[in-house]
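Only one structure is covered here, and it is reproduced in the block below.
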Amino acid sequence: MTKKTRDMIQKLLSDARLSRRIKVENYLLVYLGLRPCSLTTMPAEFPDAESMGRDIDGRVLPKMKDLGSIVEPYRRLKMIENLKREMRKVYKEVVERSEQYRAHIEWARNLELRTFQFEVRPTVRELYLFKDKEVEKKLERLMKERIKIRQEVLRHPPPDLGRVHVVYPEEFNGAWIREMGALYGYPRCCVDRYVSDREKGMMVEERASRQLREAGEEDEAGSLAYFVGYFFPCHPRCPSAISTGRRFLEELRSINPELGDLYKSILQENLELVRRQPEIIAEHRLRAVEAVKKIYRQPPLDIHNR
Ligand SMILES: [Zn+2]
């Protein structure tokens, strides 16, 4: 590794506009060729995510006030279209004009990473980072499929569908998940377990958290299986996941020991994140409901999902 590269990595690590987990997992690991692709949800994974979220809600929710009173389907549809346009405008103003957004794009450029953005909802985007042109082709195809899967569920909603299934129907499509898992560099056994849990209607987050609680005292491998955030190993002692984490740790440590230490603390945080997943999800739900209640003084409308 040249001095120039080392200096650039040092500069990235000292840039406070990106969270340290994102810098290491989503930028460095892809840059070093250790994973084919990473995903950053914007603005949810920005350091200022909370205040940006409040800002977005504050501008968007008042505009949604009248929606509840309109029942005529055509007028309602028109209004939802208008709202979506407004929400996209708010996203541009709050997120794309922020320093933190600019930092993400700047670092992709500095590290010569390709980018691909996908609108999950009008105020939420996904930023994919990768080096290989082939990954881009795959992403383009997979996102087209994702849109199709979503449209299909909206057109013919299967009965008794849970909320997650309606909002993220692609999460229940085994073939789609397997291809995405390969892009993120996840071990096959862990992706297979994820798919089979979803198919059985089991919450992956709850299963992973329970496994950790049951595993009790940590052994020597510790948190190595949690090599990136929001990845759920098939088991806390999955050999493939552990060896991936170990390889990443060794590579980063060989660049500089401090980077190794930093990654170790991120691994520990990732493990804690999985352990606390059920609570985190419950908190999120409660907060979303409360935020909307404040404006409406009634339960929220699911405008995002239409
Ligand atoms: Zn596994």
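Choose one of Leu267, Tyr101, Ala16: the residue whose Cα lies farthest towards the positive end of the charge dipole of the chain (beta-carbon charges +1 Lys, Arg; -1 Asp, Glu; about the Cα centre). After comparing all options, I get Tyr101.
The relative contact order of the chain, computed from alpha carbon pairs under 8 Å that lie at least 6 residues apart in sequence, is 17 percent.
Taking a ≥ b ≥ c as the square roots of the eigenvalues of the Cα gyration tensor, an a/c ratio of 1.5 or more together with a/b larger than b/c marks the chain as prolate.
Over all other residues within a Cβ to Cβ distance under 12 Å of Tyr186, the charged ones net out to +2, with Lys and Arg as +1 and Asp and Glu as -1. Taking each DSSP H run with n ≥ 4 as -39500 (n - 2.57) and averaging over every residue of the chain yields -19000 deg cm²/dmol at 222 nm. Annotation: the stretch 133-185 has a Kirkwood hydrodynamic radius of 11.8 angstrom, from the mean reciprocal C-alpha pair distance.
Our summary gives the stretch 176-265 a relative contact order of 23 percent, counting only alpha carbon pairs under 8 angstrom and 6 or more residues apart. When the chain is modelled as a GNM with alpha-carbon springs shorter than 10 Å, which of Lys89, Lys148, Lys78 fluctuates the most? Evaluated over the chain, the most mobile residue of the options is Lys78. Along the chain, the longest continuous region that contains none of the GluC sites (Glu not before Pro) in a DSSP loop with at most 16 other C-beta atoms within 10 Å is 1-111.
Read-outs: derived from the displayed coordinates by stated rules, not from any lab. Source: prediction; values computed, not measured. Neighbour counts run over all protein chains shown; Cβ positions are idealised from the backbone, glycine included.
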